[in-house]
1. Residues 65, 29: which one is in contact (Cβ under 8 Å) with a residue 12 or more places away in the chain and aliphatic (A, V, I, L, M)?
2. Being loosely packed, with under 10 Cβ neighbours inside 10 Å and of a type in the set (Gly, Ala, Ser) is the filter here; which residues of segment 29-71 pass it?
3. Starting from segment 81-101, keep only residues that are surrounded by fewer than 12 Cβ atoms within 10 Å (Cβ to Cβ), then list their pairs with residues that are hydrophobic (A, V, I, L, M, F, W, C) and part of a loop (DSSP other than H, G, I, E, B) whose Cβ atoms are within a distance under 9 Å, requiring at least 6 positions of separation or different chains.
4. Looking only at segment 6-26, which residues are in contact (Cβ under 8 Å) with a residue 40 or more places away in the chain and either among the small types (Gly, Ala, Ser) or open to solvent by less than 40 Å² (accessible area, probe 1.4 Å) (or both)?
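The values are calculated or read from the model by the stated rules, or taken from the named source; none is laboratory data. Keep in mind that what you see is a predicted model, and the values were worked out from it rather than measured. Neighbour counts are summed over all protein chains in view; Cβ atoms, including those assigned to glycine, are modelled from backbone coordinates with ideal geometry. Keep in mind that these areas ignore ligands, DNA and RNA; they rest on the heavy atoms of the full protein, side chains included. Shrake-Rupley method; radii C 1.70, N 1.55, O 1.52, S 1.80 Å.
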Amino acid sequence: NLNDVFLKIDYMGDRALCFINGELQTDNLCIGEPWMIGLKQYAQKLKTHEMYLYFVPMQSDAPYLHYFEKAALPDFSKVDEFLNINVPEVIPEYKARLIIN
């Protein structure tokens, strides 16, 4: 009853890109929420090719930083760029059929 498998990546940076066989498959702009990638849609490609994830650091002078709450921003007092990637999680998604009589 497995419906999909998600790769959950919690990161703080500018953006992230996902490539398979050198082709961009999906991307993500960091908004403070984990990036969820449904792997089912890439199942055939992943049988013969590897998936590569690239992360771009957040720059201290990025114009979008004012959209973040101050408490959520990294400390740029000693650095000009910031990137933090937590250990990814693999999350299965199951489906069930419910019959109501």
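1. Working: 65 fails: in contact (Cβ under 8 Å) with a residue 12 or more places away in the chain.
Result: 29 is the single residue among 65, 29 that is in contact (Cβ under 8 Å) with a residue 12 or more places away in the chain and aliphatic (A, V, I, L, M).
2. 71
3. 90/39
4. Start the filter on segment 6-26 by keeping residues that are in contact (Cβ under 8 Å) with a residue 40 or more places away in the chain, which leaves 6-16.
Listed by number, the residues that qualify are 7, 9, 11, 12, 13, 14, 16.
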